[in-house]
Every structure is written in C-alpha cells, then in structure tokens.
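Enquirer: Below you will find the structure I want to go over with you.
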Amino acid sequence: MKLTEAQRAMAAGDEGAAIAAAMAVLIEYGQIMGADSLIPITSAAGANIFGKRHFDPLGTDDPGRLFSEFSLNSDQAVDAPPVRVPSCQLIGPMDRINGGTVQGLTATQVGTTRNSQEYLEGLGVSLLSTCTPYQVGFLPESGDHVAWMESSAVIFINSVIGARTNTEGRESAAASMLTGLTPNAGLHLDENRKATVHVRVETDIPDTFSWNALGYWLGGVVGDRVPVLEGIRSTPDLVQLKQFGAAAASSGDVELYHIPGVTAECQNVEQVLVPDAEVIVFGDAEMRQAITKLNVTRTGDDIDFIMLGCPHAAYEQIETVAELLAGKRIAENVALWLFTPSLLREKARESGLLETIEASGAKVMSDTCPAIAQFLPPGTRRFATDSAKQAHYLPAIMRVEGAFGTTADCVTAAITGMMPSLSRTEEFA
Ligand code: F3S
C-alpha cells in the first residue's frame, strides 16, 4: 500500500503513540482489504464504550486504557488526541435517563459508562448514541468517503445517500476518527458498487411491514452481493428504507443496494447492473416465506414485551405509536419499550407525544437497545416487534420467542397481551 510522506510520518510516531497505533490498525486492515492507499474521510461513526467483559481481562475500568486496548489494539496505554474528523458514538450500553431504573443497571455500571462517555466527549466524539445518527443531523453527503460502523446505518448511507463506506469494526472506525483516513478498498471503489444481482419484484410492497419482509428475504438470498431491485410500484419513505436496509443487513451482509429512481446512484437498472447478473424473483411465495421465517420461534400469541424502534424510531414512528396508544393502557405484566435517538425523545417530550405514550404505561428509551446491550423486562418469554432485524437477532441473543407484525399489531399486543395471528401471511397464500 502506498502511503504519502505525511502518512508515513504518522505511522512512524511523529504525531504520538496513539496516531502510530491508529495507523498500524489502518495499514494492516488496508493490506487485508487489498487497498492501494489510505484516503481522507469526512466523518466516522463508531462504538467505544466498554463494559464488564472488557474490564475483567484487563483488570481496569480506566477508559483511556480500555480505548487503547480495545479500540486501537495497543497493549500500552496511549494518550489519544482529539478526533480529526466529525465523529459520533453509535449505540451504547445505557439509556442516559432510564439506565439505573427501567434498564436495571447498577450504580457501578452507570458510573463506568458515564466515565467512558466523558472520555469520548473529551476526544470530541459526539455522544449521539444511536444506530441512526443520520436521523439527527449526523449524515454524509453523496459521494463522501466515510468510515462508519453499524450495518443498518452503513447500508442506509451507502444506498440512500450515496456516501461510501465499508462496514467498519470498532478498531478501524476509531483509527479513522483519530487519523481522518480509511483504506481505499471495498465500497470506496466504483467497480464494487455495481449491482451483481437483478431482483424482479412481482408483488406489491405497500407498507413498512412489507419492506421489512422484502429486506429480510433479500439478505438471505443475496448474502454480501449488491442487488438492484426492479418492479416496485410504490415509492418508499425514509422509514421504509431504514427498515428495509436493516433487515437486508441482518439476514445477509448487504451493504449497498440500488432501486431505480429511489437510491442515490441509480436512475435505471442498466446504469448499475453488470452483464450476466443473476436474476431472481420476489413474489407472493417469497413474501410468505419471509413472514413465516420472521415468526419461526413463535409458538403462541400471548406476549410479555413489545420492542419498537429498531433501527431507532423516526419522529413519525413516535407519532404513530402515540396515536395508537392515546387514551389506552397497556396490559398488566406487559412492557412496551419504544427506542429512538435521545434528540428525538426530547423533541417528543416537548411536543407532548412522550407524555401520551408514557401515560399508557409504555416507555420511550434511547441510547441503547435490547439486542446490543442484552437486557429485557424481567420474565420475558415471548416478545413482539415490527422490525425484521430485531425479530432476527433477539431470539438468538436472548433466548426468547419472537413475533413479527405491523406496528398496529404490536400495539394491540401491548394493550391486550395477545399478538394478532399471522393473518398477513394469508394475504399472500
Ligand atoms: Fe439499532 Fe439495536 Fe436495531 S442497534 S438497528 S435498535 S438491533
């Protein structure tokens, strides 16, 4: 890999041990990726808050030491300088308001998380603490090279915005924050952004539920390839694109997709499709398969917990849930948690939506999620969600049953304790 003179000096330690450690991470990563060079980026998004599983092997909860070890791969404590490009913390382990209460964290856990947060703030990292920073003003422009973690955010900014990132890991994203560089490989290169699978959609995709199911099927079929989808008769809104991409990146490793007239780099199929691409069809049978698979762990209809807001909810989704819950109470022994970026939670507080939702007994949560931080309401055996991504991960991570449905179905489950049956699959029978 060819480095500039300035980059060689950074790697040699001219700008300190932390920058040298960051350059070592990027050089090794770039060599594995087959990069020819390191290129400048305009932003980075990472996750650098640590917990007990990190403290125990290292014998310390010192955030600087943890950042050196787990973010920069350095067994020496290195003194990290401020980040060189706009950088944000993605999702973390703790709701900044409900961590010690609803989430049930101990005072020690709350304290150590706050220490980590203060450390990151000291480096200049913005504590947005959401998997959807692009919903709260932290977003690249089309064509920007960036270094972001979080599969649902990566697929959104690559596809919908037309920015360029690979799915970074903690170390590479942290190294990019400190250096403002990333390897020139993978989805930073034009040739890797071409579609290699042509998906013909032959059924209606009328609502967010269907976009979730389409994304879930797509990821399972295309894996890590780049698909272009043709034949969708409706125009998705941003919430639908958020849910669709998250689903495709959970059942598969899709980092970029194209839809003519919708995504940033695709006016028509011919513009993005390689010759001799595989053609696959999504019809009623595939829709039915996806919905069934998303309910595969469900053995009954009684529900203990409803998880909404994966990826973190948009403001319109908070409005929808508030409308569905207005004047109602959720059932005894049932919990409904709606996750959204903390900035949108504050907006919902100011507008009164938060009060409407919480008057029902539900909670609006931020900064974290059950799958990443591994927590549930005590006694949860079966949960309902309107997110294909959450329906995919939570049963595997937390050993609970999952039911996937519409947002309205999930709110009905919260109010009655019973999830409506899988009636949606019958529409595609
Ligand atoms: Fe976000 Fe957690 Fe879902 S990180 S995308 S709410 S699994």
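The values are calculated or read from the model by the stated rules, or taken from the named source; none is laboratory data. Remember, it's a predicted structure, so these values are computed and weren't measured experimentally. When we count neighbours, we look across all protein chains shown, and the Cβ atoms used for this are built from the backbone with ideal geometry, even at glycine. Heads up: the accessible areas ignore ligands, DNA and RNA and are worked out on the full protein's heavy atoms, side chains in. Shrake-Rupley method; radii C 1.70, N 1.55, O 1.52, S 1.80 Å.
Enquirer: For residues that are touching a helix residue (DSSP H, G or I) at 6+ places or on another chain (Cβ under 6 Å), of a type outside the set (A, V, I, L, M, F, W, C) and open to solvent by 20 Å² or more (accessible area, probe 1.4 Å), scanning just the stretch 143-161, find the one that is farthest from the ligand (Cβ to nearest atom).
Expert: 145
Enquirer: Quick check on my filter: what residues within the stretch 356-411 are without any contact (Cβ under 8 Å) to a residue 12 or more places away in the chain, more than 12 Å from the ligand (Cβ to nearest atom) and more than 20 Å from residue 95 (Cα to Cα)?
Expert: Within the stretch 356-411, 399 is the sole residue that qualifies.
Enquirer: When residue 92 is evaluated against the numbered criteria (1) within 16 Å of the ligand (Cβ to nearest atom); (2) open to solvent by 20 Å² or more (accessible area, probe 1.4 Å), which criterion, by number, is the only one it fails?
Expert: Failing condition for residue 92: (2).
Enquirer: Also, I was wondering about something else. State whether one or more residues within the stretch 172-189 are without any contact (Cβ under 8 Å) to a residue 60 or more places away in the chain and either open to solvent by 10 Å² or more (accessible area, probe 1.4 Å) or not small (Gly, Ala, Ser) (or both). So that I can check it myself, show each step before the final result.
Expert: Pass one, the stretch 172-189, residues without any contact (Cβ under 8 Å) to a residue 60 or more places away in the chain: 189.
Filter again for either open to solvent by 10 Å² or more (accessible area, probe 1.4 Å) or not small (Gly, Ala, Ser) (or both), leaving 189.
Yes.
Enquirer: So in the stretch 38-68, with the set limited to residues that are part of a strand (DSSP E or B) and touching a Ser or Thr at 6+ places or on another chain (Cβ under 8 Å), which one is surrounded by the most Cβ atoms within 10 Å (Cβ to Cβ)? Please lay out each step first, then the result.
Expert: Of the residues in the stretch 38-68, the ones part of a strand (DSSP E or B) are 38-40, 44-46.
Checking the rest, the ones that are also touching a Ser or Thr at 6+ places or on another chain (Cβ under 8 Å) come to 38-39, 44-46.
Details: 38: 26, 39: 16, 44: 29, 45: 32, 46: 26.
Checking each candidate, the answer is 45.
Enquirer: So, in the stretch 397-417, of the ones that are closer than 23 Å to residue 206 by Cβ and polar (S, T, N, Q), which residue ends up most open to solvent (accessible area, probe 1.4 Å)?
Expert: 412
Enquirer: Let me ask you something else. Among what's in the stretch 103-130 and is farther than 21 Å from residue 55 by Cα and either of a type in the set (A, V, I, L, M) or in a helix (DSSP H, G or I) (or both), pick the residue that is nearest to the ligand (Cβ to nearest atom).
Expert: Once the filter is applied, the top-ranked residue is 128.
Enquirer: A follow-up question, please. Residue 363 - would you say it is closer than 25 Å to residue 135 by Cα, surrounded by fewer than 24 Cβ atoms within 10 Å (Cβ to Cβ), of a type in the set (D, E, K, R) and touching a strand residue (DSSP E or B) at 6+ places or on another chain (Cβ under 8 Å)?
Expert: yes
Enquirer: Restricting to the stretch 1-15, what's the tally of residues that are of a type outside the set (Lys, Arg), surrounded by fewer than 15 Cβ atoms within 10 Å (Cβ to Cβ) and not in a loop (DSSP other than H, G, I, E, B)? Working first, answer last.
Expert: Pass one, the stretch 1-15, residues of a type outside the set (Lys, Arg): 1, 3-7, 9-15.
From the residues that got through so far, the ones that are surrounded by fewer than 15 Cβ atoms within 10 Å (Cβ to Cβ) too are 4-6, 12-14.
Going one step further and asking which of them are not in a loop (DSSP other than H, G, I, E, B), we end up with 5-6, 12.
Going through the stretch 1-15 one residue at a time, the tally reaches 3.
Enquirer: If a residue must be hydrophobic (A, V, I, L, M, F, W, C), under 27 Å from the mean Cα position of the chain (by Cα) and outside any strand (DSSP E or B), how many such residues does the stretch 75-94 contain? Can you show your working first?
Expert: At the first step, the residues of the stretch 75-94 found to be hydrophobic (A, V, I, L, M, F, W, C) are 77-78, 80, 83, 85, 88, 90-91, 94.
If we keep only those that are under 27 Å from the mean Cα position of the chain (by Cα) as well, we get 80, 83, 85, 88, 90-91, 94.
Filter once more, so that each one left must be outside any strand (DSSP E or B): 80, 83, 85, 90-91, 94.
Looking only at that region, the number is 6.
Enquirer: So, one more: Considering each of 164, 200 in turn, give the residue that is open to solvent by 10 Å² or more (accessible area, probe 1.4 Å) and without any contact (Cβ under 8 Å) to a residue 60 or more places away in the chain.
Expert: Working: 200 fails: without any contact (Cβ under 8 Å) to a residue 60 or more places away in the chain.
None of the others qualify; the one that does is 164.
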